[in-house]
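Participant: Pasting a structure here, questions to come.
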Amino acid sequence: MVERKCPEPGREGSAFESPRGVVREVKGDNLPSKVAEDCYREALATYKGWYNNPRRGRFPRVYRPTVWLTPRASYNVDFEAMTVRIVSVGELSILGYPRNLKEYMGWKMKEARLVIRDDKAFLKVVFEKEEQKVEPKESIAVDINMAEVVVGKDDKNYVRIPTRLEEVHHWKSLAERLLKKYPRRWRENKRILYRVRSFHLKARRIMEDFARKVGKWIVDVAKRMGVNVIKLESLKNLIKSVEKLSKEFRDKLYLMQYRRLQYWISWQAKKRGMTVEFVNPSYSSVSCPKCGKRMVEVSHRWFKCSCGYENDRDVIAITNLNGRGSLTLSTAPQMRDVNPNR
């Protein structure tokens, strides 16, 4: 059904003007009416996604057997008996499920996707929970750098989480060495190509695993400190001058996946009923939290101010970041016992 070349949705002659006719056509394959409607919805979503893409290529095609399912109408899950009942298929036993399934037991089940892969059936269920309105109380700040992630309130209450960037960079370096060792053969030799891809995949999986875990750890730290607002750095100007950096530093900057880290921190915070606020990180690592003056680096990552205050640049960063923004999350400036942003 997706392979049919259709004009713009909503125009005269479009196949998507008359869903009943399309559903009747799909029902000709002995499918229940609701499953046929789900097939139509999936085809419509695929077509619209292709049509609204300004850089769309050839007309979309479906290669893997998948189908959308509607809760209670097309499928139903019984977690007590660990079974799934699918219309026109019957009752199937759940052989495996994610370890964190218990966290979503109280959530509402939405549309699911049934995927057939290697003669195995996978049901990917979407869970939904209404986002609660959060009354901002205290906050913590997160400073992400290549060596570690520092999270805390001030220069006395903070936690350091080492990153896995060196491990990721190691696997990427192994892939680049193979490319240099076989500059002509690697494109045609399947064994070399498979090895290179496996190194890149290993690096990507390590960083994704770290991003997911660090999001959970930071939310746990926030909960332990009794706060419900997490302040993150705004990354608008992160890679403006990336071309001026050295190749090794530039590679590590891309491998660090700052936005991916912030995505999982935000996701875990929303899931636990917390709020995420993005603040301006300008000069947060070199401005004195006490007087606001520019600090001087006296040793590796250790800064000192003319007023006498000195500390590690990451601790200085979280202290300054936590003093920025507004705990009421509004546009009006708030009177607080902190120095102005610098």
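Each reported figure results from applying straightforward, stated rules to the coordinates on display, with no laboratory input. All figures in this text were calculated on a predicted structure; none of them were measured in a lab. Because the Cβ atoms are built from the backbone with ideal geometry, glycine has one as well, and the counts that use them run over all protein chains shown.
Participant: Could you order peptides 109-118, 56-65, 145-154 by the average number of other Cβ atoms within 10 Å of their residues, highest first? Please report the intermediate quantities before stating the final value.
Facilitator: On the way: 109-118: 14.1, 56-65: 9.4, 145-154: 18.3.
Ranked from most to least packed, the peptides come out as 145-154, 109-118, 56-65.
Participant: How do HIS169, HIS200, HIS300 line up, fewest other C-beta atoms within 10 Å first? Intermediate values should be presented prior to the final figure.
Facilitator: On the way: HIS169 17, HIS200 14, HIS300 7.
Listing HIS169, HIS200, HIS300 from fewest to most nearby Cβ atoms yields HIS300, HIS200, HIS169.
Participant: Another one. Taking 0.36 nm per intervening residue step and subtracting the Cα-Cα distance, what contour gain separates SER299 from TYR104 on full extension? Don't jump to the answer; show the numbers that get you there.
Facilitator: Values: separation 195, 0.36 × 195 = 70.20 nm, distance 4.81 nm.
Fully extending the segment from SER299 to TYR104 adds 65.4 nm.
Participant: Under the rule a/c < 1.5 gives rounded, and otherwise a/b versus b/c splits prolate from oblate, where does region 58-207 land using the Cα gyration tensor? Please report the intermediate quantities before stating the final value.
Facilitator: Values: a/c = 2.78, a/b = 1.15, b/c = 2.42.
It is oblate, given that a/c is not under 1.5 and a/b is not larger than b/c.
Participant: By average Cβ neighbour count within 10 Å, what is the ranking of 49-55, 293-299 from highest down? Walk me through the numbers on the way to the answer.
Facilitator: Details: 49-55: 9.4, 293-299: 12.9.
Ranked by mean Cβ neighbours within 10 Å, highest first: 293-299, 49-55.
Participant: Determine which aspartates and glutamates satisfy two conditions relative to LYS180: a Cα distance under 20 Å, and not lying fewer than 8 residues away in the same chain.
Facilitator: GLU188, GLU248, ASP251
Participant: Of PHE303, PHE278, how do they rank once you tally other Cβ atoms within 10 Å and put the fewest first?
Facilitator: PHE278, PHE303
Participant: Enter the Cα centre distance for the pair region 194-263 and region 61-121, rounded to the nearest angstrom.
Facilitator: Between the Cα centre of region 194-263 and that of region 61-121, the gap is 32 Å.
Participant: Can you figure out the FRET efficiency of ARG72 with LEU178, using R₀ = 56 Å and their beta-carbon distance, to the nearest 0.05? Working shown, then result.
Facilitator: Values: r = 52 Å, r/R0 = 0.93.
My answer for the efficiency is 0.60.
Participant: Treat every Asp and Glu Cβ in region 139-323 as -1 and every Lys and Arg Cβ as +1, leave all other atoms uncharged, and give the resulting dipole magnitude about the Cα centre to the nearest 20 debye.
Facilitator: Using only the charged Cβ atoms, the result is roughly 1140 debye.
Participant: Listed here are the pairs LYS137/LYS236; LYS129/LYS213; LYS102/LYS129; LYS231/LYS293; which of them are more than 18 Å apart at the Cα?
Facilitator: Over 18 Å Cα-Cα: LYS137/LYS236; LYS129/LYS213; LYS231/LYS293.
Participant: Here is a follow-up. Using 0.36 nm times the number of residues separating ASP312 and GLU130, minus their current alpha carbon distance, what extension gain do you get?
Facilitator: My answer for the length gained is 61.5 nm.
Participant: In units of 2.2 N^0.38 Å, what is the alpha-carbon radius of gyration of region 185-260?
Facilitator: Details: Rg = 17.7 Å, N = 76, 2.2 N^0.38 = 11.4 Å.
Region 185-260 yields a ratio of 1.56.
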